[in-house]
Amino acid sequence: VLPPGHQYVQLDGEVVLVTGAAAGIGQSAVRLFADAGATAIIVDLDAAAAQSLADELTQSGLKAFAMPCDVSDTQRVADVVRSVISDFGAIDVLVNNAGLFSNIPLIDVEQSFWRKVMAVNLDAVFYFSQAVARESMIPRRKGVIINTASLAGLVAGPDSPPYTTAKHGAVGLTKALAVEWAPYGLRVNALCPGLTDTEMVKKGWQGKEDALAQRLARIPSGRSSTADEQAAAIVF
């Protein structure tokens, strides 16, 4: 991660919408985008946390605005996208980062939980990507979409069938959109983080400390990554 104040990319005038932006990788990405000069739209289910982050950044002289949203609600997604475009003219960068981590054996997964994981980790990527591309990026022939997938979108591990399935889907959707929208000048990429030190991940591994230790032991560096490290890749 580059030192504070080091501008390795300039995004003055760009409008960046980040989902799941009030904590973890999303929050770190918002901070870096705003620091690079972008107008950061903080989309999160936690309205209070999103507004607190927006207030903090605004008080520091940066441009940030909070937009409460349940990313699995198609109507709310459409409303958020239209509102941002109405207020700021366009959406130049979309980061589909909202996620729900699960660490449960399939035999214990309730159908309602399966659908919830799919709705947040995969369906929301479709909802936001379609809305933003249709309403802003394709007409302007300009835009970048970055989907936060996971190492679980490339390989499988134990006790995570819903999460692994959804993230494989996110990777597949990324590939499909990259091909479909390239003629319009859009770039679509996915970030596939490995084990990352965020509150969501910590909560997912509670009660499974031995398994977590085994997971860490398989990482050559012997440690998990940080949210700031993952965010730096997103902004790049």
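The values are calculated or read from the model by the stated rules, or taken from the named source; none is laboratory data. Given the structure is predicted, the values throughout are model-derived calculations rather than measurements. FYI the Cβ positions are ideal-geometry reconstructions off the backbone, even for glycines, and counts take in every protein chain you see. Side chains included, ligands, DNA and RNA excluded: accessible areas come from the protein's heavy atoms. Shrake-Rupley method; radii C 1.70, N 1.55, O 1.52, S 1.80 Å.
Brief remarks on what is shown
- Cβ-Cβ under 7 Å pairs, at least 6 apart or on other chains, the stretch 158-185 side closer than 16 Å to Y127 by Cα, far side crowded, with 18+ Cβ neighbours inside 10 Å and hydroxyl-bearing (S, T, Y): K167/S150; L177/S129
- When S150 is tested against (1) modelled with pLDDT of 95 or more; (2) in contact with a Lys or Arg (Cβ under 9 Å, 6 or more places away or on another chain); (3) not aromatic (F, W, Y), exactly one condition is not met: (1).
- You will find that of V171, V179, V188, V235, the residue that is modelled with pLDDT of 90 or more and touching a Cys at 6+ places or on another chain (Cβ under 9 Å) is V171 and no other.
- Taking the stretch 133-148 as the range and being out of contact with any strand residue (DSSP E or B) (no Cβ under 9 Å at 6 or more places or on another chain) and in contact (Cβ under 8 Å) with a residue 40 or more places away in the chain as the test, the residues that pass are E135, R140.
- Filter result for L94 (over 17 Å from the mean Cα position of the chain (by Cα), of a type in the set (A, V, I, L, M, F, W, C), closer than 23 Å to R31 by Cβ and crowded, with 19+ Cβ neighbours inside 10 Å): no
- Residue list for the stretch 28-55, filter: part of a loop (DSSP other than H, G, I, E, B) and touching an Asp or Glu at 6+ places or on another chain (Cβ under 6 Å): G37, A38, L45
- Cβ-Cβ under 7 Å pairs, at least 6 apart or on other chains, the stretch 80-101 side farther than 14 Å from M67 by Cβ, far side of a type in the set (D, E, K, R) and part of a loop (DSSP other than H, G, I, E, B): D92/E14; D92/K142; V93/E14
- Sole residue being at pLDDT below 95, of a type outside the set (F, W, Y) and in contact with a strand residue (DSSP E or B) (Cβ under 6 Å, 6 or more places away or on another chain), chosen from D197, D210: D197
- Restricting attention to the stretch 120-167, the residues that are open to solvent by less than 30 Å² (accessible area, probe 1.4 Å) and in a loop (DSSP other than H, G, I, E, B) add up to 3.
- Count of residues meeting criterion [in a helix (DSSP H, G or I) and either within 15 Å of I138 (Cβ to Cβ) or in contact with an Asp or Glu (Cβ under 6 Å, 6 or more places away or on another chain) (or both)] in the stretch 83-96: 1
- Among the conditions (1) open to solvent by 70 Å² or more (accessible area, probe 1.4 Å); (2) farther than 21 Å from A47 by Cα; (3) not in a helix (DSSP H, G or I), the only one that I107 does not satisfy is (3).
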